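The values are calculated or read from the model by the stated rules, or taken from the named source; none is laboratory data. Everything quoted here is computed from the prediction, not taken from an experiment. Cβ placement follows ideal geometry from the backbone for every residue including glycine, while neighbour counts extend to all protein chains displayed. All accessible areas refer to the heavy atoms of the entire protein, side chains included, with ligands and DNA or RNA removed. Shrake-Rupley method; radii C 1.70, N 1.55, O 1.52, S 1.80 Å.
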Amino acid sequence: MTRQRAGNRIGLLLGKVLRIAGPRLLVLGGLTFLALLLLGELRWVVPESTGTRSAVGGGGDTGDEVDHGPGWPHLRGPYHDSTTDAEDLADRWPAEGPPVLWTRDVGIGYSGFTAIGRRVYTQRQTLYGQSVLCLDADRGEPIWEYRYGWPYDAAGMYPGPRATPTWHDGRVYFAAPDGLVGCVDALDGRLLWSRNVNQDFGGRGTDFGYAASPTIVDGKVILPVGGAGSSVVALNAQDGTTVWASGDEAASYCCAKPITFRGQRLLVMFLQNSLALLEPEAGRWLWQHRFSGGYDERAAMPLYQEPYLMVAHPFRGGADVFELRGAESVTVQRIRTIAQMSNDVASSILIDGLVYGFDLREPQSKARRPSRGEFRCLDLASGDVLWSTDHVGHASVIHADGKLILFNDRGELLLARPAAEGYHELARTRIFEGEICWTAPALHRGRLYLRSPTRAACVYLGDPQGLAADQAARARPAGEIQFAKAFDDRWLVGGERPYPADFPTRDELVRWYFVIVLGAMIPALLLAAAVRGVGTWMGRDLRAASQAVFWTALFLAGIVLTPLGNALAESFILTWPLCLFVGHHAVLAAVMQTRRRTDRDAVPWGVSLATLAFFATCLIYFHFCRRLDLAIGWVFLLGFIPSWPVTIPVAWKLSGSSSLLSVFGGAFAAFTAFYWAVGAYVLLAAC
């Protein structure tokens, strides 16, 4: 009978909460739904558009797409190796930096530029969707834009397109993060064909968004997809129909690399767990070498100088060098492993037997701060490290006119001389500030096209005499670019996890829980008890004030303990979920006070204010988790409703109690229910 009454009472309490807070929560939920729909987080709600094309600017040369040498038609340039021999570059830059022809906001994304003639092409994401964008190469003015889909991961850690469009024979081929692949006319952006390879072939291995730029070989669009029987697919470049599909390996983020061995055309595919050689005509697999099992990532492009093939791994995995052999049939043998060259988002470059690249000394590249490591020069034949320097940073590399052009993740542009004897820097300037830059640059007609996650710039590196008078008049030195000072909020965390996207482990959850209980709850209780003791000594009733001190101290401790704990401890600490719990309790407490009072006309405003404050807390929490690479913190936003069977009765009990021990015990029980409701989900999801 007692259990039945308790159950009925809990049911009544739940009903009261829903009646009072429900309408407000529904309104807030509706606003959130509309915001997410607008931002593209609920793409499944509205069918994806087949694409829209708009001429968003005038001017721009409508021809001239094949002069000035081979251009930069692919992510890795005309020869798929980040080198070009059609440039005449200045040996030095002025003290104030090279001339910047234009800068502009281009939306969000990591897509690079393709440059042909007097046009450049890239992909971007705005509030309204993703698109292929064509710009005038000399002015940066839009010529046309083709919208192909809703925003991708708009509120996530890495929003926007990843792949760089490819130009071939008057057409632009693009790939979207969801697996949509398409072809538009380079002249006016008119759609010629499109299809979703992830849907059509059951793609696997690109959990963070499809990132492989299309590779065109003999009239075929070569793409890693990762489906069963379709690890690699070839589409007809004219109409997008399937030419062949083969293999069963999961894909990754690295595009196909065409090479030639003893006159034979081959495809190098760097997949999730393996390296493979295919013949491009029918997709026959000639050779495969497995590196790992389960989930893995490959983003850095393979390097090739006949007969040697080198691939560099993330996760401090080093590099492997293979030798291609054979006369009539190709055989491959691994000849060495090089521990001192791990690559992730920035690929190395191979010049005359020397490898230049950034050896990443962390598991993965960091999206919120410069990555740690050293820029090195290796001898490919011996595997020896010839020199290392920490003056370059995590940089992508282009080789042209006997020089290295380096663009690092701090937004700095460097000019250096390639040499086995040591690092010889010729010039340096800053192009972007306040953003981590991962996008590889493109070079054409002496113009270097650069992107940060939100902005683009065109820097002239050619012979100063080659710049037209009107362009020279519009240009401004790189040193005169004004940057808005970005607020460095990394101190709010004071540490980082090696793999920020992974769910917390059981040990982490236990550690964070005890830090919160011992470092926040008990001190908050002692502080509240001190306030009540002072009131007793002064003959004043400070019971309400002591409870306010307790909850305020909990909230502030949830903020402060994260950077403090990470400064003192070797293991990562996260206490921010305590702030969510306090905000959630404030709403429940306001509802319970409403039910206990007889004069209820003014009280509902307290519920509304508490609900708005709670909603603001959740948004701020989400924002800083996103900015500071704490995606794992988002999971605690799921803990409110599962904890209601405990948190609601506790809130009702505490609304009529003045005992500090009762408040502490109730808070401890409610927080434990909230925290481990999430913890149970995390542990089950990890199984």
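The protection proxy used here, the mean number of other Cβ atoms lying within 10 Å of each residue, ranks peptides 552-560, 462-470, 272-280 as follows, highest first: 272-280, 552-560, 462-470.
Screening the chain for whole DSSP H helices of 30 Å or more along their axis (Cα) with average Kyte-Doolittle hydropathy at least -1.0 returns 2-39, 543-568, 604-627, 660-686. Projecting the Cα atoms of 370, 353, 102 onto the charge dipole of the chain (Cβ charges, centred on the Cα centre) puts 370 farthest toward the positive pole. Each label was represented as a point 7 Å from its Cα along the Cα-to-Cβ direction; for residue 571 and residue 95 these points are 5.5 nm apart.
Given R0 = 35 Å, the distance between the Cβ atoms of residue 469 and residue 127 translates into a calculated FRET efficiency of 0.35.
As a calculated quantity, the FRET efficiency between residue 291 and residue 141 at R0 = 56 Å, using C-beta atoms, amounts to about 0.80. Between residue 387 and residue 316, the modelled label-to-label distance comes to 2.7 nm, taking each label 7 Å out from Cα in the direction of the beta carbon. Kindly state, to the nearest 0.05, the FRET efficiency for residue 86 paired with residue 637, given R0 = 51 Å and r defined as their beta-carbon distance. Step by step, r from the Cβ atoms, then E = 0.45. Taking a Cβ cut-off of under 9 Å around residue 133, the surrounding Lys, Arg, Asp and Glu residues balance to a net charge of 0, with basic ones at +1 and acidic ones at -1.
Shown are 207, 81, 629, whose ranking by accessible area with a 1.4 Å probe and every protein chain present, most to least, is 207, 81, 629. Computed from point charges on the beta carbon alone (+1 for Lys and Arg, -1 for Asp and Glu), the dipole magnitude for the range 352-462 about its Cα centre is near 600 Debye.
By accessible area, using a 1.4 Å probe on protein heavy atoms only, the chain has 57% of its surface on carbon and sulfur. Between residue 379 and residue 613, the simple spin-label model (points 7 angstrom out along Cα→Cβ) gives 6.9 nm. Label zone of residue 501 (point 7 Å out along Cα→Cβ, amide N under 14 Å): in the range 237-264 this covers 251-254. Computed over protein heavy atoms with a 1.4 Å probe, the accessible surface of the chain works out to 41 Å² per residue. Sorting 346-358, 328-340, 192-204 by their mean Cβ neighbour count within 10 Å, with the most densely packed peptide first, gives 346-358, 192-204, 328-340. With contacts taken as Cα pairs under 8 Å at a separation of at least 6 residues, the chain carries a relative contact order of 11 percent.
With a Cα-only, solvent-free Debye model of the chain, what are the log10 I(q)/I(0) values at q = 0.07, 0.08 Å⁻¹? Computed log10 I(q)/I(0) values: -0.56, -0.70. For residue 336, neighbours were defined as the other residues whose beta-carbon sits under 12 Å from its Cβ, and their charges (Lys and Arg +1, Asp and Glu -1) total -3.
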